[in-house]
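These notes are about the structure you will find just below.
Readers should treat all values here as calculations from the given coordinates under stated rules, not as data from a laboratory. Treat the numbers as computed from the prediction; the structure is a model and nothing was measured. When we count neighbours, we look across all protein chains shown, and the Cβ atoms used for this are built from the backbone with ideal geometry, even at glycine.
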Amino acid sequence: MNRRQFLTTVCAATSAFGARALAGGDAAALARNAAAVKTKHWAWMRGTFASLDDWRRTLARMRAGGIDAVLISGSADFYRTHVPAARDEGVELHAWTFAMMRGEQVKPHPDWYAVSRSGVSTADKAPYVDYYKFMCPSRDEVRQYLAGLVRELAQIDGLASIHLDYIRYPDVILPVALWPKYHLVQDREYPEFDFCYCGVCRDRFRQRWAIDPLRLDDPPSHQAWLQYRYDTITEVVGVLAHEVHAHGTLLTAAVFPTPTIARTLVRQEWTKWTVDAVLPMVYHAFYKQDVPWIERATREGVEALGGRIPLYTGLYVPDLSPPDLARAARYALAAGANGICVFEGNTLTPDHFAALTPILKGRT
Ligand SMILES: [Zn+2]
């Protein structure tokens with residue numbers, strides 16, 4: 001199935017089944033919709049490849065292991081030269097791109113960067129780590145800049161999708177297992193991690209609600225202000241989806257593990273996004289959860305989407321022994337995921353593949 005056929009299938013499934021199912025709670029329609037999307041397994045990949053032969057061997061190894069699609073970051077030239085081999089090896093190649101977190105415009109456009117409730121721009125001092133330089137999603141210049149980046153990629157023939165990562169605000173609360181690493185206790189939203197209070201965001205919100213968000217009694221509990229932030233990210237997704245779809249390419253996104261966690265930690269309301277698939281990072285250990293949680297978390301996402309688009313469960317290999325990786329994949333599929341996505345493909349050992357491949361190929 002090529003990308004246009006896939007897009008057509010997804011759209012047909014959405015219009016024929018998804019909308020009606022969402023409106024009427026038609027369980028049978030949901031089941032038909034899910035069945036219309038072929039099971040597929042993915043890997044986020046990093047690293048460089050010594051040669052095209054090296055790239056080809058890597059893809060062949062992934063394919064033999066049950067991986068159908070790889071997500072990898074690179075320049076437009078990288079994709080142009082690496083797409084043909086992926087096509088030959090029968091592996092989809094997706095362009096893994098960063099959306100809001102990008103530091104390359106700090107010097108020419110410091111005003112494009114998000115400002116915390118403490119009044120500090122990520123252009124001057126990023127939260128948590130130096131590279132956490134997030135742009136402000138309210139600004140038209142930022143949206144147009146990002147649209148230009150995805151436009152260039154969407155024009156490359158043979159890319160299976162443009163894949164958005166960091167399509168969100170900075171974590172207002174980090175996943176709980178990461179708190180000790182940064183010597184933090186984030187039992188509520190603290191001002192230095194709460195974004196964005198730049199002039200544009202404050203003006204846009206004030207025009208709609210007649211109040212400056214900085215003057216709210218308790219910004220973290222103000223529903224309209226929370227919703228404003230969910231909506232700005234959803235709007236950016238809409239701009240990028242329009243751009244990508246205009247070139248007949250698909251848009252996919254890496255998202256936080258469940259709709260509830262995604263809204264709470266990073267202002268993602270991904271169930272509303274106009275993407276063609278979501279890949280929630282169901283990294284259980286980040287949330288001090290056990291492996292069976294992967295099934296519960298996946299199910300929350302699958303049910304919230306109502307079969308509108310496919311969901312592929314992201315699994316964090318460093319926290320999964322080979323037997324646990326196999327269990328995790330089973331839990332994800334049992335919860336209705338259309339497949340899994342491993343982070344990251346490069347780290348899969350022969351033992352991982354021995355445990356995982358029979359499940360991915362449907363032999364167990
Ligand atoms: Zn802003």
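Before moving on, here are some points about what is shown:
- Put the Cα centre of the stretch 174-220 next to the Cα centre of the stretch 277-291 and the gap is 24 Å.
- For the pair E235 and F98, label points projected 7 Å from Cα toward Cβ lie 2.4 nm apart.
- Computed from the C-beta positions of L184 and A60 and an R0 of 35 Å, the FRET efficiency is 0.20 to the nearest 0.05.
- Structure remark: mean-square fluctuation, Gaussian network model of the chain, C-alpha springs under 10 Å; the largest value among D290, D218, D276 belongs to D218.
- Of the Cα atoms belonging to the chain, the radius of gyration and Dmax stand at 20.3, 61 Å.
- DSSP bridge orientation in the chain - percent antiparallel, rounded to nearest 5: 10
- Span from the the stretch 311-364 Cα centroid across to the the stretch 37-61 one, whole angstrom: 16
- Scattering curve values for the stretch 321-364, log₁₀ I(q)/I(0), Debye with Cα scatterers, q = 0.32 Å⁻¹: -1.32
- Highest GNM mean-square fluctuation among A262, A246, A99, for the chain modelled with Cα contacts below 10 Å: A246.
- With 25 Å as the limit on Cα-Cα distance, the pairs of K40/K133; K40/K181; K181/K288; K125/K272; K133/K181 that go past it are K40/K133; K40/K181; K125/K272.
- Extension gain for A304 to A334 (0.36 nm times residue separation, less C-alpha to C-alpha distance): 9.2 nm.
- Highest GNM mean-square fluctuation among I211, I340, I233, for the chain modelled with Cα contacts below 10 Å: I211.
- Inverse mean reciprocal Cα-Cα distance (Kirkwood Rh) of the stretch 211-316, Å: 14.9
- Pairwise FRET efficiency - S321 versus Q144, Cβ, R0 = 45 Å, nearest 0.05: 0.45
- Sorted fewest first by neighbouring Cβ atoms within 10 angstrom, S138, S221 come out as S221, S138.
- Efficiency of FRET from Cβ geometry, D212 and A50, R₀ 56 Å, rounded to 0.05: 0.50
- Between the stretch 99-171 and the stretch 67-95, the Cα center-to-center distance that results, in Å: 24
- Peptide ranges 111-122, 175-186 listed from the most packed, as the mean C-beta count within 10 angstrom indicates: 111-122, 175-186
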